[in-house]
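K.L.:
The structure follows.
Where a number appears in this text, it was derived from the coordinates with a stated rule and is not lab data. Being a predicted model, the structure only gives us computed values, none of them experimental. Don't worry about glycine lacking a Cβ; one is built from the backbone with ideal geometry, like all the others, and counts go over all protein chains shown.
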Amino acid sequence: MCDSLQSMARSYVMVKNTAPDSGIGSGIVVRNNARASYVLTCAHVLEEGNTKVVRRTKGHFASDLVELCDSDSEHDLALLVGPHLPGARALQLAEDEPDLYTHAYLMGSHGGLFGVAGDAIITGAHGSHGEAWGKHLYVFTGVACPGMSGGMLCNLDGGLVGVLSQVRTENEHAVHTVGYAVDLPTVRDFLRAALP
């Protein structure tokens, strides 16, 4: 468990718009080489103005401005490109979709908190709860909160199975809740088309 969470933490970034009073979201490093880094997030996290990613490295925080590389508002996905992120690790996609009623890990931002992690159980998939839930989402239960959009839903081996998209909570604090993540096939197809 610790190895998977540590691997996830090295792939996690906070996504923040530079405009005043803008919200905070989460992102996942999906490629990081000497020339550039690519960060996957949710399209709804991005606002007008410049966007930066914030990461923790060697005990301190660093931020880098990034640009939009591609987006898909229908599936709520976006890919950001920026400079190489020293110490960051590209998170690998899981090979297979998760089975229903299996445990998973999630990681994202909450307010100013960096890399909040928790357990989840995947309880539905592909619109199994009706059209209103969406055709390309996993439904999960767990501790999730606003600011985790764009964060990661991973299997117990640390492979990415979904991108956290929406949470339904009773209030703005972290609670045991129902959440939704863009599913693995949709994420895989988006990255195949968007990554250079």
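K.L.:
Fully extended, how many nm does the chain gain between Asn33 and Ala9 (0.36 nm per residue separation, minus their Cα-Cα distance)?
P.N.:
My answer for the length gained is 6.9 nm.
K.L.:
What order do you get for Thr41, Thr141, Thr186 when you list them from fewest to most C-beta neighbours inside 10 Å?
P.N.:
Thr141, Thr186, Thr41
K.L.:
Could you order the peptides 73-83, 16-26 from most to least packed, using the average number of other C-beta atoms within 10 Å per residue?
P.N.:
Values: 73-83: 19.9, 16-26: 16.8.
Order by mean packing, descending: 73-83, 16-26.
K.L.:
If you average the sequence gap of Cα pairs under 8 Å that are 6 or more apart and divide by the length of the range 10-90, what percent do you get for the contact order?
P.N.:
Working: 191 pairs, mean separation 27.6, N = 81.
Relative contact order for the range 10-90 comes out at 34 percent.
K.L.:
How much length is gained on full extension from Arg192 to Ala62, taking 0.36 nm per residue of separation minus their Cα-Cα distance?
P.N.:
Extending this stretch completely gives an extra 43.9 nm.
K.L.:
Take each of the peptides 177-184, 89-96, average the number of other beta-carbon atoms within 10 Å over its residues, and list them starting from the highest.
P.N.:
In descending order of packing, they fall as 177-184, 89-96.
K.L.:
May I have the extent of the alpha carbons of the range 10-90 along their three principal axes, as whole Å values ordered from largest to smallest?
P.N.:
For the range 10-90, the Cα extents along the three principal axes come out at 34, 25, 17 Å.
K.L.:
Taking the Cβ-Cβ separation of Asp157 and Ala19 as r and a Förster radius of 41 Å, what is the calculated FRET efficiency to the nearest 0.05?
P.N.:
Plugging the Cβ-Cβ distance into 1/(1 + (r/R0)^6) gives 0.60.
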